[in-house]
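**Student:** I have a structure here, written as structure tokens, and I will follow up with some questions on it.
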Ligand code: UDP
């Protein structure tokens with residue numbers, strides 16, 4: 001298949017691009033390179049630099065590549081905390097980008113769309129692990145923007161027959177020998193803790209230890225980025241069979257912030273000093289996925305998502321690339 005990957009120079013997009021190419025697909029990457037890195041894009045992919053907020057640029061992209069079989073849309077603002085500071089930027093940019101994409105998808109008859117959605121749809125879930133049937137209560141403007149996109153896609157199928165799979169990511173983490181997590185500024189727990197192990201940061205701040213969890217710190221479900229990439233590929237390859245769906249993507253196991261810190265100490269052999277800080281607004285206490293539907297419908301398995309394997313793969317990439325894609 002020929003797949004358009006937006007945000008294909010970013011962390012999850014670049015690793016999915018590499019996995020798509022390894023599976024024999026052709027990839028066109030569209031990325032504004034604001035967060036992404038040209039060096040992260042697999043050399044066999046075609047990289048087009050541009051912004052999804054620029055309607056003319058998106059039209060030109062589709063004019064140059066009219067025969068895409070599907071779109072994987074990664075390009076997005078993705079931070080819970082930032083979205084509470086800048087809610088309108090999240091609503092404006094995350095929605096407008098998809099509107100521009102969908103205008104062109106409809107005009108060019110593109111029938112398949114995979115959306116990066118989020119576990120932030122489930123603030124204070126009644127059931128853990130969280131099934132797809134759980135009540136939707138977005139925990140932040142970021143989560144709300146993704147839910148709005150899920151609803152837009154629902155109507156695109158009803159009206160235009162454009163099928164979509166929304167993958168609700170839990171916490172993507174880990175790397176491959178060639179690609180890893182490199183955000184500026186970095187806000188995610190595992191790469192920040194690894195920066196402490198590398199001696200680039202003195203300590204990690206734990207955001208709150210008064211949550212209703214066994215050690216008081218937030219529990220998250222860490223999913224290896226390669227398992228996440230495979231979920232996208234399976235969803236795209238089987239979209240015609242399964243039709244428009246929403247799936248949770250996680251390992252089904254949760255780890256607290258302190259457990260992650262301990263795992264990094266074990267894998268790296270370095271002590272990780274930490275300080276206790278205030279809660280970060282928008283953070284639900286516990287997010288763990290029930291991914292049974294994805295496993296049953298697409299025969300997907302979280303093969304690399306043991307926490308030790310996740311941390312070891314991220315540590316390997318960060319040791320080889322202590323300054324990320326800058327070397
Ligand atoms: N976290 C933390 N200190 C940090 C960064 C993150 O305690 O410096 C916590 C955060 O509050 C959350 C968990 O680690 O409970 C995972 O956060 P991350 O930003 O990696 O992912 P998110 O859950 O926001 O998608």
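Laboratory data are not the source of any read-out in this text; all were calculated from the coordinates shown. Keep in mind it's a predicted model, so treat the numbers as computed, not measured. Note that we place each Cβ from the backbone using ideal geometry, even for glycine, and neighbour counts take in every protein chain shown.
**Student:** Please report the base-10 log of the normalised intensity I(q)/I(0) for segment 201-240, using a Debye sum with one equal scatterer per alpha carbon and no solvent, at each q in 0.23, 0.29, 0.30, 0.34 (1/Å).
**Tutor:** Relative scattering, expressed as log10 I(q)/I(0), comes to -0.79, -0.94, -0.96, -1.03.
**Student:** Please pull out the direction-averaged projected area of segment 93-215, using the convex hull of its alpha-carbon atoms, in nm² to one decimal place.
**Tutor:** Reported value for the Cα convex hull: 10.8 nm².
**Student:** Tell me, 242, 3, 219 in order of fewest to most beta-carbon neighbours within 10 Å?
**Tutor:** Taking fewest neighbouring Cβ atoms as first place, the list is 242, 219, 3.
**Student:** Residue 155 versus residue 186, label points 7 Å from Cα toward the beta carbon: distance in nm?
**Tutor:** About 4.1 nm separates the two model spin labels.
**Student:** Fewest first, what order do 91, 154 take by the number of other Cβ atoms within 10 Å?
**Tutor:** Fewest to most other Cβ atoms nearby, the residues stand as 154, 91.
**Student:** What does the convex hull of the Cα atoms of segment 155-206 come to per residue, in Å³, rounded to a whole number?
**Tutor:** Once divided by residue count, the hull of segment 155-206 is 151 Å³.
**Student:** Compare 18, 59, 229 in a GNM of the chain, Cα atoms joined below 10 Å, and give the one with the largest fluctuation.
**Tutor:** 59
**Student:** Let me ask something else. Please report, in whole Å³, the volume per residue of the convex hull around the C-alpha atoms of segment 1-99.
**Tutor:** 89 Å³
**Student:** Report the FRET efficiency, 1/(1 + (r/R0)^6), for residue 240 and residue 270, where r is their Cβ-Cβ distance and R0 is 51 Å, rounded to 0.05.
**Tutor:** Result of the calculation: an efficiency of 0.55.
**Student:** Could you work out the relative contact order of segment 28-73, using alpha carbon pairs under 8 angstrom and six or more residues apart, expressed as a whole percent?
**Tutor:** So the answer I get is 34 percent.
**Student:** Antiparallel DSSP bridges in the chain: what percent, to the nearest 5?
**Tutor:** 5 percent
**Student:** Run the numbers on the chain and let me know its relative contact order in percent, using alpha-carbon pairs under 8 Å that are six or more apart.
**Tutor:** It comes to 19 percent, rounded to a whole number.
**Student:** Report the full-extension gain for the segment residue 56 to residue 39: residue separation times 0.36 nm, less the Cα-Cα distance, to one decimal in nm.
**Tutor:** Working it through step by step, the gained length comes to 3.5 nm.
**Student:** Give me the compactness ratio for segment 128-172, meaning the Cα radius of gyration over 2.2 N^0.38 Å.
**Tutor:** 1.28
**Student:** With a 10 Å cut-off between alpha carbons and a GNM built on the chain, which of 64, 119, 44 moves the most?
**Tutor:** Judging by the Gaussian network model, the answer is 64.
**Student:** May I have the extent of the alpha carbons of segment 172-327 along their three principal axes, as whole Å values ordered from largest to smallest?
**Tutor:** Extents along the principal axes, in whole Å: 51, 40, 26.
**Student:** With no solvent and one point per C-alpha, what does the Debye sum give as log10 I(q)/I(0) for the chain at q = 0.08, 0.12, 0.15, 0.16 Å⁻¹?
**Tutor:** Evaluating at q = 0.08, 0.12, 0.15, 0.16 Å⁻¹ gives log10 I(q)/I(0) of -0.34, -0.79, -1.28, -1.47.
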